[in-house]
Amino acid sequence: MPEYTDIELIEMYRDANRSHYAFNLLVKKYREKIYFFVRRMVIDHDDADDVVQNIFIKVWNNLGSFREDSKLFTWLYRIAVNESLSFLKSKQLRSYLSLTSPEAMMIKSLHDDNYFDGTEIQRRLTEAIIKLPKKQQLVFNMRYYDELSYEEMSEILTTSVGALKASYHFAVKKIEESVTAN
Amino acid sequence: MNLRNNIPGPTDDTENIPVFLEALKKEAPGFKVPVGYFDTLGERISDQVNQVPRRSFLGVAIPRVWKPVVWVPVLSTVVVAVLLLFVVPERKTTVIPVADEWTQLNMAYDPSYATEAVFAESHEIDAAIEGKELNFSEVSLSGQNEPTAEEISAFIKEHEMESELLNEY
């Protein structure tokens, strides 16, 4: 199957006869990146699956109005960030009813997850990330795992590069403290 | 492929991450997915997408416009405008007559205004105008007769003034 650029995919999508084909190619191109980004935020596989499906349905509905003043990848990431945060917010509301903190629920979910086979140190790292404030969590995941540049992160999160660097610095410090303390 | 950018600047020390974090990056991620998950993900998304028709431009634009952050300020502006229209009393308009340019010019250069201004200075002049024909030898602006040349010469001699003063006068 040929590898299309983002611009070619968008042009193909705008042709009504080929929009489904273009969309399938787009899903195929970005599904893993988006899935693992969401998974690291929501931890549970089933939750990540729901969020990823919502993200791609939003992409289908709004790709027609996508303005090419930003990169498609950046736009996709922004949708993924918003959907992940919305999901975590709704989960937080549910946690008030169950009198358990959302972080505790996620750590429990990590322990019970059949689809996590990381080492002990990886589990500790993931727990440390869960305990971070959401903004630092996003910044750390984007920088450490997805290796995005600060400029790309700045465009996605609409935050200055300096603030992102500071967030990443604090996130790393907290993770180090948390992991070494255990 | 390493996409990390080396951003120059004083905050570069933020990139000094602990050794264990660097080491962990090289290991396989702890998260895994069910077998064949990504193969079926595309199909499942396509099934959902096929159930939902692609939204037209209006379908995309209207929900955006219909957000409270957009319609609340618009609605409040309309309400305030309507209240101002019905509650604030209507202003009475007063028409200030404005003389046209030619009239103003004529008024400025009409010599009769100047004559009137001079005559209005004293009652004696008014009386003169009303009672008898004007005799300017009897009338002066200060209300006294002007001195004659002889009277001035006599005054100078009397007060022994220099002759230049006479010429000046």
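FYI, it's all coordinate maths here, none of it is from the lab. Here the structure is a predicted model, which is why all the values come from computation and not from measurement. Positions of Cβ are generated from backbone atoms using ideal geometry, with glycine treated the same way; all protein chains shown enter the neighbour counts.
Quick rundown of the values:
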{"item": "Ranked packing of A:125-133, A:59-67, most packed first, by mean Cβ within 10 Å", "result": "A:125-133, A:59-67"}
{"item": "Other protein chain Cβ atoms within 10 Å, averaged over every residue that makes up A:108-117", "result": "2"}
{"item": "Hydrodynamic radius of chain A per Kirkwood, over alpha carbon pairs, in Å", "result": "17.6"}
{"item": "On Cα atoms only, tilt of A:19-42 relative to the major axis of chain A in degrees", "result": "10"}
{"item": "FRET efficiency, 1/(1 + (r/R0)^6) with R0 22 Å, evaluated for B:Val70 and B:Glu90 via beta carbons", "result": "0.10"}
{"item": "Semi-axes of the equivalent ellipsoid for the stretch A:1-100, Cα gyration tensor, largest first, Å", "result": "30, 13, 11"}
{"item": "Angle in degrees between helix A:72-98 and the longest Cα principal axis of chain A, rounded to the nearest 10", "result": "40"}
{"item": "Whole-number Å³ per residue for the convex hull built on Cα positions in the stretch A:84-181", "result": "112"}
{"item": "Between 0 and 90°, nearest 10: helix A:161-181 axis offset from chain A longest Cα axis", "result": "40"}
{"item": "Partner chain coverage, peptide A:29-37 - average Cβ within 10 angstrom", "result": "2"}
{"item": "For chain A, size of Cβ-based charge dipole, Lys and Arg +1, Asp and Glu -1, in debye", "result": "520"}
{"item": "Whichever lysines have a C-alpha closer than 18 Å to that of A:Lys29, once near sequence neighbours (fewer than 8 apart) are set aside", "result": "A:Lys58, A:Lys71"}
{"item": "Cβ neighbours within 10 Å from other chains - mean over A:39-50", "result": "2"}
{"item": "Counted charge near A:Gln92, where neighbours are those whose Cβ lies closer than 11 Å (Asp, Glu -1; Lys, Arg +1)", "result": "+3"}
{"item": "Chain A: relative contact order as a whole-number percent, Cα under 8 Å and 6+ apart", "result": "20"}
{"item": "Interchain or long-range residues, amide H under 5 Å from A:Tyr4's placed H", "result": "none"}
{"item": "Distance violations [Cα-Cα > 20 Å] among A:Lys108/B:Lys32; A:Lys33/A:Lys89; A:Lys91/B:Lys32; A:Lys91/A:Lys173", "result": "A:Lys33/A:Lys89; A:Lys91/B:Lys32; A:Lys91/A:Lys173"}
